[in-house]
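Student: One structure, as structure tokens, below. Some questions next.
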Amino acid sequence: MDRNISIGEFHRRLLEEKSKACCPVKKYKLLWLIAALAVIIAFAMTWFQEARFNCIIIHHTASKTDNYASIKRYHKKKGLRDAAYHLVLSNGSTDIPLGNLEPTGRYLALTHAMAVRDVKYNLTGLHLCIVGNYETNEVPGYMKPVIAHAVRALQNKFGIPDDRLFFHRDVGKTKCPGKYFTKKDFLYWVRTMADQCPASIAAQQNEAVAAAPLSGGMVTIQQGIVMGAALLFFALGWIAFFHILSVFRQSKALKESKTGAGHCHPLLVGITLTSFNGMGAKG
């Protein structure tokens, strides 16, 4: 090692060696990246399970007349940005024809519902609201094949089995969709009456169901990628922050060493020169 160096140069070299030894971000950059990727994969795998639509939840409006527009207005007054459900099935009581399936903004964007108190079922469920009050009125015969076809179309698109067809009351403390909506009858309609739906209504429902750009599996992948990308940017930003902080500290220390280069105590210089020589002895 060359001993004929200025004190300022000595300080600069000392700081460089210290930085290499003490900066874990710089020294273990690959390990930090691997750790960040591991965290991303773990979070993404958890998100995959929570994000997938794996059930259909049936609601009623508990009103005689309603449609998507009126439900949206009502829910916006309660602080929501859209109707709480993914789809609304008309009973023909407004200008929306009988059996028409109205996809809400939540369905078109495949975002989560706000229809039940249990967050899990808002995340994983497709929420279908049927216009009518089935706590006080029986389900009309002409509505049964219409309901059956709508549910079957959603099942086919998202790969949801019959045992994952729920009522609102199955996942929350409520009577919805009403006492005249029994699980036994509902499953019978879905299994035997879907093909009896009038062709024009079936065509409209198929078109509404197809309006969602992705199926359940693709929703899982899409949302997992979004979450993974967000976590990746967070991890990289975290690494970059510490790297910039390290560079800033080095620059500040170097500036201070240049400013005070001629004012070091001789004993301190002797001790640190010996230490520095020991670090560079093998070089």
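The values are calculated or read from the model by the stated rules, or taken from the named source; none is laboratory data. Worth saying up front: this structure is predicted, and the values here are computed from it rather than measured. When we count neighbours, we look across all protein chains shown, and the Cβ atoms used for this are built from the backbone with ideal geometry, even at glycine.
Student: Here are some residues: His86, His75, His127. Which one is modelled with pLDDT of 95 or more, surrounded by 18 or more Cβ atoms within 10 Å (Cβ to Cβ) and in contact with an Asp or Glu (Cβ under 8 Å, 6 or more places away or on another chain)?
Tutor: His75
Student: Right, another one. Tally time: how many residues in region 155-183 are at pLDDT 95 or above and among the aliphatic types (A, V, I, L, M)?
Tutor: The qualifying residues number 2.
Student: Checking the conditions here, which among Val151, Val116 is of a type in the set (Val, Ile, Thr), under 16 Å from Ala210 (Cα atoms), in contact with a helix residue (DSSP H, G or I) (Cβ under 6 Å, 6 or more places away or on another chain) and at pLDDT 95 or above?
Tutor: Val151
Student: Residue under question is Val146, and the condition is that it be at pLDDT 95 or above and surrounded by 21 or more Cβ atoms within 10 Å (Cβ to Cβ); does it hold?
Tutor: Values: at pLDDT 95 or above: yes; surrounded by 21 or more Cβ atoms within 10 Å (Cβ to Cβ): yes.
Considered against the rule, which asks whether it is at pLDDT 95 or above and surrounded by 21 or more Cβ atoms within 10 Å (Cβ to Cβ), Val146 comes out as yes.
Student: A further question follows. Give me the pairs: first residue in region 60-81 and in contact (Cβ under 8 Å) with a residue 24 or more places away in the chain and farther than 16 Å from Cys176 by Cβ, second residue surrounded by 18 or more Cβ atoms within 10 Å (Cβ to Cβ) and charged (D, E, K, R), beta-carbon distance under 8 Å, and six or more apart or on different chains, which are they?
Tutor: The qualifying pairs are Asn67/Glu102; Tyr68/Glu102; Lys72/Asp82.
Student: If you don't mind, there's one more thing I want to ask. Take region 98-116 and flag every residue that is surrounded by fewer than 16 Cβ atoms within 10 Å (Cβ to Cβ) and in contact (Cβ under 8 Å) with a residue 12 or more places away in the chain.
Tutor: Gly105, Leu108, listed by residue number.
Student: Then there is this: Check Pro213 against each of (1) surrounded by 14 or more Cβ atoms within 10 Å (Cβ to Cβ); (2) more than 21 Å from His60 (Cβ to Cβ); (3) modelled with pLDDT under 95 and name the one condition it does not meet.
Tutor: (1)
Student: Looking at region 116-132, which of its residues are over 21 Å from Lys157 (Cα atoms) and hydrophobic (A, V, I, L, M, F, W, C)?
Tutor: If the condition is that a residue be over 21 Å from Lys157 (Cα atoms) and hydrophobic (A, V, I, L, M, F, W, C), then Val116, Val119, Val131 are the ones that fit.
Student: Now a separate question. Which ones in region 155-168 are among the charged types (D, E, K, R) and over 16 Å from Asn122 (Cβ atoms)?
Tutor: Once the filter is applied, which keeps residues that are among the charged types (D, E, K, R) and over 16 Å from Asn122 (Cβ atoms), region 155-168 yields Lys157, Asp162, Asp163.
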